[in-house]
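Reading through the structure tokens given below for one structure.
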Amino acid sequence: MIRKEFDISLYHIIFEDLRKYQNLIETFLNTQKKELEANINEVNINDKMNDSEKYEKYLDLISTESYHKFEKYHDIARLFPHNFRVSFLTQVISVIERELKRLCNDLATIKNQTFKVTDLKGNNDFVKCKDYLKKITNIDFNSVNAEWEYILQCKSLRNNLVHSGNIIKMDDKKLVNFIKNNDSFDCEYEEFIDKKQDIVTFVIVNSKLIDKLINKSQKLFENLLNLKYNS
């Protein structure tokens with residue numbers, strides 16, 4: 001029981017540290033944005049406008065003498081937060097993957113297994129960990145399906161960001177629907193005229209996506225601990 005409580009505390013520390021880091025950077029960027037907005041008196045930018053409306057105001061001013069000031073505003077209000085959230089999403093997914101592997105290795109030790117998760121074929125470590133847990137335990141992944149599916153959707157988003165940036169082909173319906181039904185994204189729909197390929201481009205405009213990912217991941221691992229000590 002003491003060991004189980006230690007593991008629960010460890011997961012709490014891991015995910016709480018991620019929250020603290022995210023809050024630190026998000027708070028800093030938001031403070032910088034508000035300072036810039038307070039000093040921009042010649043245009044109508046206010047807190048009632050959402051990020052998209054503020055960005056449109058920025059675009060209207062590109063050809064004016066205020067361009068450089070609003071270029072800085074664009075960086076602080078839109079570009080830098082998006083870039084941070086992309087890199088932080090990648091970091092969180094990596095932490096989840098690492099902890100899944102560690103859980104598999106711990107279970108292998110507990111059950112005296114010579115068969116390891118690394119013995120499974122394939123390149124998708126998430127799938128390999130899930131298959132391994134199902135092989136050596138009686139886990140029912142239906143009990144954690146909501147958490148697992150959300151993590152997989154975020155992983156798919158991470159993969160797209162790594163390989164294609166913030167551009168998604170419209171025929172990737174599952175990922176497009178995930179983007180469209182999530183208020184963390186500001187989307188634009190375009191068409192590559194030369195390739196006749198419809199696409200959606202997006203910007204991550206708030207921290208809700210990763211907040212939810214961290215919360216669901218912590219819940220997943222805490223539930224899986226019951227498997228580790230009861231299977």
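Table: residues versus (1) closer than 19 Å to residue 223 by Cβ; (2) in contact (Cβ under 8 Å) with a residue 40 or more places away in the chain; (3) β-branched (Val, Ile, Thr).
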site: 101; (1), (2), (3): yes, no, no
site: 110; (1), (2), (3): yes, yes, yes
site: 114; (1), (2), (3): no, no, yes
site: 128; (1), (2), (3): no, no, no
site: 138; (1), (2), (3): yes, yes, no
site: 141; (1), (2), (3): yes, no, no
site: 144; (1), (2), (3): yes, yes, yes
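If you go through the stretch 41-54 and keep only what is more than 19 Å from residue 185 (Cα to Cα) and either in contact with a helix residue (DSSP H, G or I) (Cβ under 7 Å, 6 or more places away or on another chain) or modelled with pLDDT of 95 or more (or both), you end up with 43, 45. Among the criteria (1) among the polar types (S, T, N, Q); (2) loosely packed, with under 11 Cβ neighbours inside 10 Å; (3) modelled with pLDDT of 75 or more, the one residue 32 does not fulfil is (2).
Selection of the stretch 119-143 for residues being out of contact with any Asp or Glu (no Cβ under 7 Å at 6 or more places or on another chain) and closer than 22 Å to residue 90 by Cα yields 122, 123, 124, 127, 128, 129, 130.
Against the condition among the hydrophobic types (A, V, I, L, M, F, W, C), touching a helix residue (DSSP H, G or I) at 6+ places or on another chain (Cβ under 8 Å) and under 23 Å from residue 212 (Cβ atoms), how does residue 103 come out, does it pass? Against the criterion (among the hydrophobic types (A, V, I, L, M, F, W, C), touching a helix residue (DSSP H, G or I) at 6+ places or on another chain (Cβ under 8 Å) and under 23 Å from residue 212 (Cβ atoms)), residue 103 qualifies. The residues listed here are 95, 117; of these, the one that is among the β-branched types (Val, Ile, Thr), modelled with pLDDT of 90 or more and within 28 Å of residue 182 (Cα to Cα) is 95.
Here the stretch 79-109 is the region considered, the condition is being of a type in the set (Lys, Arg) and surrounded by fewer than 20 Cβ atoms within 10 Å (Cβ to Cβ), and the residue that is farthest from residue 132 (Cα to Cα) is 98.
The values are calculated or read from the model by the stated rules, or taken from the named source; none is laboratory data. As the structure is a prediction and not an experimental result, all values here were calculated from the model. With ideal geometry, Cβ positions are generated from the backbone for all residues, glycine too; neighbour counts draw on all protein chains shown.
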